[in-house]
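Chemist: Starting off with a structure, shown below.
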Amino acid sequence: MNETLAQSDPEFVKKTFAAIAGRYDFANHLLSGGLDFLWRRKLSRLVARRHPVDILDLATGSGDLALAMSKACPTAKVVGADFCLPMLEMARRKRVRHLIQADGLALPFHDESFDVVTMAFGLRNMADWGAAIREAHRVLRGGGALYVMDFSLPDSEFVLKFYRFYLHRILPGIAQWATRRRDAYEYLGKTIETFPSGLVMNALLKSCGFKCEPPRKMAFGAVSIYCGTVD
Ligand SMILES: C[S@@+](CC[C@H](N)C(=O)[O-])C[C@H]1O[C@@H](n2cnc3c(N)ncnc32)[C@H](O)[C@@H]1O
């Protein structure tokens, strides 16, 4: 990894995802043991319960969550937005219908345009988490909800020990084989260690104007879904 670049530097993030775009899905499914399908399905079902009309999947990447939500909410319009064109190209090939190149920190949408905004494994990569959450709040209608799904650190010390071993010692090696870009996955481990999780994330959401539901933990707490609602 180029240590001269800050982890959250947007140009570094864009270049990193552009470099792995073609192998991103394969690496995802391999490194999560296929669990990422279940995580996206769970989030899609939570979203469907709200019967949204307009959904924004921010940092949509290769579009798997946008597709899962289109299936779970067949009458909704799901817009996928991402600032990395090669990732959007992967989503386009999978026939995600509404795609737009956009920066999560300055969304090209009017206030109160969506009923639900989702960010799956995206917020962690953004340069300013608070600014991105406030942008999501701005584009949400009253009664709408933001769902953030991302990696978190398991509460149990025992599980955490194994998780860290996998994350920092095993995963970069497998990723090197799968994507030829070990640095991208060393970056992943670093961002997971510093990203707010659990009640710290809820405090951040509250400071940006959301009311929070208790975090939903999956995979022994290695992945969490946070939900913030707008009055
Ligand atoms: C780990 S991928 C997640 C993709 C997808 N949501 C998923 O669940 O597989 C992170 C994505 O966030 C995008 N991203 C990072 N910062 C962004 C920003 N400021 N605005 C828009 N997209 C951003 C990257 O381009 C990348 O496609």
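Quick note: the coordinates plus some simple rules give every number you see, no bench work behind them. Note that the structure is predicted; figures quoted are calculated from it, not measured. Note that we place each Cβ from the backbone using ideal geometry, even for glycine, and neighbour counts take in every protein chain shown.
Chemist: With a cap of 15 neighbouring Cβ atoms within 10 Å, and only residues DSSP puts in a loop, list the GluC sites (Glu not before Pro) found in region 80-185.
Modeler: Working: sites: Glu89, Glu112, Glu135, Glu157; in loops: Glu112.
Answer in residue order: Glu112.
Chemist: In terms of modelled amide H atoms, which long-range or inter-chain residues lie less than 5 Å from the amide H of Gly80?
Modeler: HN-HN under 5 Å from Gly80: Asp57, His98, Leu99, Ile100.
Chemist: Taking the Cα centre of the chain as the origin, how large is its charge dipole in debye, to the nearest 20, when only Lys and Arg (+1) and Asp and Glu (-1) carry charge on their Cβ atoms? Let's see the in-between values first.
Modeler: Numbers: 31 positive and 24 negative charges, 167 e Å.
Charge dipole of the chain: 800 debye, to the nearest 20.
Chemist: Further, regarding this structure: Rounded to whole Hz and in sequence order, give me ³J(HN,Hα) for region 71-76 from the Karplus expression 6.51 cos²θ - 1.76 cosθ + 1.60, θ = phi - 60°, writing x for Gly and Pro.
Modeler: 6, 6, 10, x, 8, 7
Chemist: Taking springs between alpha-carbon atoms closer than 10 angstrom, which of Ile55, Ile20, Ile170 fluctuates most in the Gaussian network model of the chain?
Modeler: Comparing Ile55, Ile20, Ile170 in a Gaussian network model of the chain, the most mobile one is Ile170.
Chemist: Further question on the same structure: Provide the net charge surrounding Trp129, with neighbours chosen by a C-beta distance below 12 Å and charges set as Lys +1, Arg +1, Asp -1, Glu -1. Kindly include the intermediate steps, with their values, before the conclusion.
Modeler: Numbers: positive: Arg124, Arg134; negative: Asp128, Glu135, Asp150.
Charge balance in the 12 Å sphere: -1.
Chemist: By how many nm would the segment from Ala18 to His168 grow when fully extended, if each residue of separation counts as 0.36 nm and the alpha-carbon distance is taken off? Could you put the intermediate results ahead of the total?
Modeler: On the way: separation 150, 0.36 × 150 = 54.00 nm, distance 2.25 nm.
Separation in residues times 0.36 nm, less the Cα-Cα distance, equals 51.8 nm.
Chemist: How large is the Rg to Rh ratio of region 10-229 when both quantities use alpha carbon positions and Rh follows Kirkwood?
Modeler: On the way: Rg = 16.3 Å, Rh = 17.4 Å.
On the Cα set of region 10-229, Rg over Rh gives 0.94.
Chemist: Same structure, new question: Please report how far the C-alpha centroid of region 209-227 lies from that of region 105-143, rounded to the nearest whole angstrom.
Modeler: Each part reduced to its Cα centre gives a spacing of 17 Å.
Chemist: Any lysines with Cα under 18 Å of the Lys15 Cα? List them, leaving off those in the same chain fewer than 8 positions away.
Modeler: Output for Lys15: Lys190.
Chemist: With r as the distance between the Cβ atoms of Asp9 and His98 and R0 = 41 Å, compute the FRET efficiency 1/(1 + (r/R0)^6) and round to 0.05.
Modeler: Numbers: r = 28 Å, r/R0 = 0.69.
So the FRET efficiency works out to roughly 0.90.
Chemist: Hey, which lysines would be in cross-link range of Lys94, C-alpha to C-alpha under 18 Å, not counting anything within fewer than 8 residues on its own chain?
Modeler: Excluding near neighbours in sequence, the set is Lys71, Lys77.
Chemist: So, counting K/R as plus one and D/E as minus one, what does the shell of residues with Cβ under 11 Å around Ala59 add up to?
Modeler: Working: positive: Arg124; negative: Asp57, Asp82, Asp103, Asp150.
Net of charged neighbours comes to -3.
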